[in-house]
Amino acid sequence: MAALETSAPRVLAAARSVVGEGPVWDAATGRLRWVDIMSGRLNSTDPDSGATESQTVPTLVGAAAPRAAGGLVLATREGFGTVDGPEGPGFRPRLDLLAPGERMNDAAVDPWGRYWAGSTTMEFTPGCGALHLLEPGWTSQVVLDGLTLPNGLGWSPDRRTFYLVDTMPGDILCFDIDPDTHLPVDRRLFHHVDESRGIPDGLTIDATGCLWVALWGGAGVLELSPEGDELGMLEMPVQQPSSCAFGGQGLERLFVTSARDGLEVADDAPDGSLFVVDSPGVIGQPATAFAG
């Protein structure tokens, strides 16, 4: 498969994240939000200088996203929470719903302002993962169960298709979206990644409907067409790219998180850092703020 014709990824914010994850563009502040799951660290990075402000909350955080009311909504070890203010002071647990030994993983806000998060066990027990939907009124429901490690989530530009990664089996799933409830229906396999190439992790969807999927252990970001065909690979200088998101003023830049979990690397190795591709050749979709 051919390498994608883009500018080369470069380190934007040097870090030693155990599991850097959950990048999302915060248009209100002009910064990229991302987390380090295992440390509970919330990061806010300037897209030009790479200057990063961080705060640690007293729990694991799978992902964080801007709220329309200000601050962030968090997918945590226990369920859902918030931090107040532009840079995240004032952590508040809001909805505890997971059993001991479970945690939330990746999460994203849908085009209707609802927050979706995948839960998993700490040991990634097959069949024990689930997809949760948090409504703006702070009620939640399990929309899908029987997963293992639910991960990257995204919606097509026409809002007709929902995509979800189940990492450990290597499956990228897709669903139709019910026009009345906006819930996923008609589950089917969209694309499978053989484990010899790495395992699919976080993803983002560009304005043309193509998927960009980070391959943990595969040192790359895979581009897929809306039909599920492989278009090319963005090669990364780290083994464990974990997720990606478009951002910048015109959503014309691609940001990629990475992890050093389980790797024996030097302290100054780039693994765990935040990368940017300044000219990926496409633009992304704007992120929606959580309405709750």
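Just for segment 6-44: of the residues that are among the β-branched types (Val, Ile, Thr) and part of a strand (DSSP E or B), which one is nearest to Cys244 (Cα to Cα)? Here the residue is Val24. The condition (being surrounded by 13 or more Cβ atoms within 10 Å (Cβ to Cβ), assigned to a loop (DSSP other than H, G, I, E, B), of a type outside the set (Phe, Trp, Tyr) and touching a strand residue (DSSP E or B) at 6+ places or on another chain (Cβ under 6 Å)) is satisfied by just one residue among Leu98, Leu164, Leu153: Leu98.
Check segment 59-73 and report whether any residue there is surrounded by fewer than 21 Cβ atoms within 10 Å (Cβ to Cβ), polar (S, T, N, Q) and within 19 Å of Val18 (Cα to Cα). Yes; the residues of segment 59-73 include at least one that is surrounded by fewer than 21 Cβ atoms within 10 Å (Cβ to Cβ), polar (S, T, N, Q) and within 19 Å of Val18 (Cα to Cα).
Filtering segment 245-255 for residues that are in contact (Cβ under 8 Å) with a residue 24 or more places away in the chain and closer than 22 Å to Asp171 by Cα leaves a non-empty set. Would you be able to say whether some residue in segment 275-287 is under 30 Å from Arg94 (Cα atoms), of a type in the set (Gly, Ala, Ser), modelled with pLDDT of 95 or more and outside any strand (DSSP E or B)? Looking for residues that are under 30 Å from Arg94 (Cα atoms), of a type in the set (Gly, Ala, Ser), modelled with pLDDT of 95 or more and outside any strand (DSSP E or B), one finds at least one in segment 275-287, hence yes.
Scanning segment 233-252 for residues that are in contact with a Leu (Cβ under 9 Å, 6 or more places away or on another chain), closer than 22 Å to Cys210 by Cβ and not small (Gly, Ala, Ser) gives Met233, Leu234, Glu235, Met236, Pro241, Cys244, Phe246. Just checking, does segment 70-78 include any residue being touching a residue at least 60 places away in the same chain (Cβ under 8 Å) and in contact with a Ser or Thr (Cβ under 8 Å, 6 or more places away or on another chain)? Scanning segment 70-78, I find at least one residue that is touching a residue at least 60 places away in the same chain (Cβ under 8 Å) and in contact with a Ser or Thr (Cβ under 8 Å, 6 or more places away or on another chain), so the answer is yes.
The values are calculated or read from the model by the stated rules, or taken from the named source; none is laboratory data. Keep in mind that this is a model prediction, so the values were computed, not measured. As a convention, Cβ positions derive from the backbone with ideal geometry for all residues, glycine included, and neighbour counts pool all protein chains shown.
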